[in-house]
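Comments concern the structure below.
The values are calculated or read from the model by the stated rules, or taken from the named source; none is laboratory data. Every value quoted in this text rests on a predicted model; they were computed, and no experiment measured them. In this analysis, Cβ positions are derived from the backbone assuming ideal geometry, glycine residues included, and neighbour counts consider all displayed protein chains. When the accessible area is computed, the model is the full protein with side chains, heavy atoms only, and any ligands, DNA or RNA have been set aside. Shrake-Rupley method; radii C 1.70, N 1.55, O 1.52, S 1.80 Å.
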Amino acid sequence: AAGVAPPSATAAWLGTISAELRAKLAKLGLVDEAAPPSGMTLAAFLTEYLDNRKPTIKPGTWMNLSVAVQKLLDYFGPDKALASITVAEATRFAAHLDRTQAPATAGRLIRRARQFFKVAVQHKLIPENPFADVKAGSNKPNKDRQAFIPQEVIEQVIAAAPDVEWRLIIALSRYAGLRCPTEHLALRWSDVNWERNRFRVDSPKTGERWVPIFPELRPYLEAAWEAAPEGTEYVIRRYRTTNVNLRTQFERIIWRAGLTPWPKLFHNLRASRQTELAERFPIHAVCYWLGNSALIAQKHYLQVRDEDFEQAASNGEVYGHTAAQKAAHSREGAAQNPAQYTQELSRRELNSRSGSLQVSRRKSQVSEGTGIVYKCSSPRVGFEPTTRRLTAGCSTVELSGILANPATVLLPL
């Protein structure tokens, strides 16, 4: 009668009653006839949700949603009635995630749970969203898990790799910034344009883009091409199953190189490359090559390193250059400055002799020591250029141009 949804406790009770009782209530106008049958479980709703979304979303997105679905089913149980989940239970689920997951992961799972139940409300499966006011936590990246991996370190890791394919997997991650494993496994030899020094990446997440064959990457890409059997389609021939896990093997390679695995193994390789490239190229080009936006790069990829502080505090250093480039720049500047000074003197002398002196402002009077005032009181002769010879002490200058009558010219001492 009031036109409002029933309380969550009443809605939970309606989800547990029999179909016969629900029909009687509907006949009296107390419940919606279009409401779902009693006892609709959480598993049934979430399974239907994923099935409906799968044809319209990317595989990576579907996989991420599936992870959130599994977290909900593990906590509430697959047979939990959808309408029986209360705000208090949703809050307890959020507290459980805070204890068992990283802050960013917990916040992401809560936001997806809110997304699921919002659809249930839109479809009139439940009267209200129990996750609507549940705090999702911070979405800020964890700076403690960021790490810049220098090129000399990754070369040491590549040297410990067991074969040419693993060397290329590491090089594509660090020197081309590819997402691992999706973009590695999608790369075909037909995508590589050797003549134009670039290759095409068909990303399941962001679509098509072209990436330069950087000098650091080329040796490993050429070695894989030479080792590939005739007629090979994919650049990476192994690990083509959907449940591939390269992280474990990569950790073994790092340990074999005598190093300790860093956090977010592949992501930090990609972030390290974007940080390097952003020092040398425009940000819009770098973001196109890596397949992200400037906002995402600033938030999740670009890193401030110790050497950035050192370069900023150095006198005369050229930011983003190697030591050899900085030395060459210093030598060039030392040779160039005297030449520029000599050229400037010659240019001043030439301007003075040719009479192209610019008059910046006119004054009828000047203070002592700032200049000499010359007054030309000769009559104006038409509009043709007129030359006057003016003498000040032992210095003589030529003033060319159309002289007004009278004219006041301020010349420096």
Summing +1 for each Lys or Arg and -1 for each Asp or Glu, what net charge is found among the other residues whose Cβ lies under 14 Å from the Cβ of L82? -1
Can you pull the accessible area of D74 for me, 1.4 Å probe, Å² to the nearest 10? 110 Å²
With all protein chains present, calculate the accessible area of E20 using a 1.4 Å probe and round the result to the nearest 10 Å². 120 Å²
What does the accessible area of I213 come to, in Å² to the nearest 10, when a probe of 1.4 Å is used? 10 Å²
When a/c is below 1.5 the answer is rounded, else prolate if a/b is larger than b/c, else oblate, so apply that to region 169-222 with a ≥ b ≥ c taken from the square roots of the Cα gyration tensor eigenvalues. oblate
Taking only Cα atoms of region 119-264, what ratio of Rg to Rh do you get with Rh as the Kirkwood inverse-distance radius? 1.11
Averaged per residue, what accessible surface does region 145-281 expose to a 1.4 Å probe, in Å²? 47 Å²
From the cross-link list K118/K205; K58/K299; K118/K264; K54/K118; K24/K135, which pairs have alpha carbons spaced over 29 Å apart? K118/K264; K24/K135
Given the options P127, P103, L46, identify the residue whose Cα lies farthest towards the positive end of the charge dipole of region 23-128 (+1 on Cβ of Lys, Arg; -1 on Cβ of Asp, Glu). P103
Between W62 and A95, what's the calculated FRET efficiency when r is the beta-carbon distance and R0 is 25 Å? Round to 0.05. 0.35
Report the local net charge at S18: Lys and Arg +1, Asp and Glu -1, summed over other residues whose C-beta lies under 15 Å from its C-beta. +2
The local net charge around M40, scoring Lys/Arg +1 and Asp/Glu -1 for residues other than M40 whose Cβ lies under 13 Å from its Cβ, equals +1
Can you give me the Kirkwood hydrodynamic radius for region 194-287, using every pair of distinct Cα atoms, in Å to one decimal? 16.1 Å
Heavy atoms only, probe 1.4 angstrom, no DNA, RNA or ligands counted: give me V31, V211 ranked by accessible area, highest first. V31, V211
For region 222-318, what % of the accessible area comes from carbon and sulfur atoms, probe 1.4 Å? 52 percent
Rounded to the nearest 0.05, what FRET efficiency is calculated for R111 and Q311 with R0 set to 22 Å and r the Cβ-Cβ distance? 0.05
Heavy atoms only, probe 1.4 angstrom, no DNA, RNA or ligands counted: give me M40, M63 ranked by accessible area, highest first. M63, M40
Using the Kirkwood radius built from alpha carbon pairs, what does the Stokes-Einstein equation give as D for region 51-177 at 20 °C and 1.002 mPa s, in µm² per second? 122 µm²/s
Could you order F131, F281 so the one with the most accessible surface comes first? Probe is 1.4 Å. F281, F131
Distance between modelled label sites at I296 and H284, nm, 7 Å Cα→Cβ extension: 1.8 nm
DSSP-loop GluC sites (Glu not before Pro) across region 186-221, with at most 11 other Cβ within 10 angstrom: E195
